[in-house]
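To start, the structure under review is shown below, and the notes come after it.
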């Protein structure tokens, strides 16, 4: 896994080259090998605390808000954000803390749980395509179509020859979205086993979060090596120039949010979004309505309400 090259997205539209440091550092270069054991989940760069990172977090939030406004106004492109992690990896936290900067009118979040009867009756990508963003919209997948090469693989729910063939189908699906104007950015939130256990403990001690814990959370820990192997292969085989993966050190929640917010903002800047032209003659509207009202005001005439 190399961190010195960004996806070579086409210059006319939706990939763009992220200019800032975390996009370069955490990118999984297409075709590279991924070894998660060699990536420090506790990395926090130069920052020592949440407070120290706050100026950059606030700057990124403002950038995201402004760029989402442009995305909505531009109306020709869309953005799909994929969040994947092991249990307690921080997907909900990213949604809450990073994407709260976005206007809810142009943003939606979809959580991928076990397929229901209708979803299971279709191909595995059907429910993902159903939730893909329309032009002008941002959609966040909390878990995603990748569950069908992760959980399905680890728990042997389908034979290997079935799940192993899905990488190519996923790449084709994401390429089709990209060709139709959707920028795609995918995050694996990388935590350590020790941090996961600590987060489970915190849930046990907080009555407000008891509902988030289950015995299966603990039993799944026994499958940690199998999940890591599944994530590594999935990321290796599906990190492309049009739908790159980023491995985000996530033991420190605030650093996770900082890195994700910067990469999302950089990705949106690379989309070259523009405000559309006015639909009316601005000068004529000013003359016809505002100048006339101002003239009445100066002459002391009553104005219509």
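The values are calculated or read from the model by the stated rules, or taken from the named source; none is laboratory data. Nothing here was measured: the structure is a model prediction, and the numbers come from that model. No Cβ is skipped: glycine too gets one built from the backbone with ideal geometry, and neighbour counts run over all protein chains shown.
Okay, here's what the table says:
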| read-out | value |
| --- | --- |
| Subset of the stretch 93-122 [more than 26 Å from residue 262 (Cβ to Cβ) and surrounded by 13 or more Cβ atoms within 10 Å (Cβ to Cβ)] | 115, 119 |
| Some residue of the stretch 255-277 being without any contact (Cβ under 8 Å) to a residue 12 or more places away in the chain and either in the same structural domain as residue 143 (by TED's automatic domain parsing) or surrounded by fewer than 11 Cβ atoms within 10 Å (Cβ to Cβ) (or both) | yes |
| Per-region count, the stretch 206-233, residues part of a helix (DSSP H, G or I) and either within 30 Å of residue 61 (Cβ to Cβ) or not assigned by TED's automatic domain parsing to the domain that holds residue 148 (or both) | 5 |
| Residue in the stretch 86-101 that is touching a helix residue (DSSP H, G or I) at 6+ places or on another chain (Cβ under 7 Å), modelled with pLDDT under 95 and assigned by TED's automatic domain parsing to the domain that holds residue 237 present | yes |
| Filter result (loosely packed, with under 14 Cβ neighbours inside 10 Å and in a helix (DSSP H, G or I)) within the stretch 179-196 | 179, 193, 194 |
| Residue check for residue 68: without any contact (Cβ under 8 Å) to a residue 40 or more places away in the chain and assigned to a helix (DSSP H, G or I) | no |
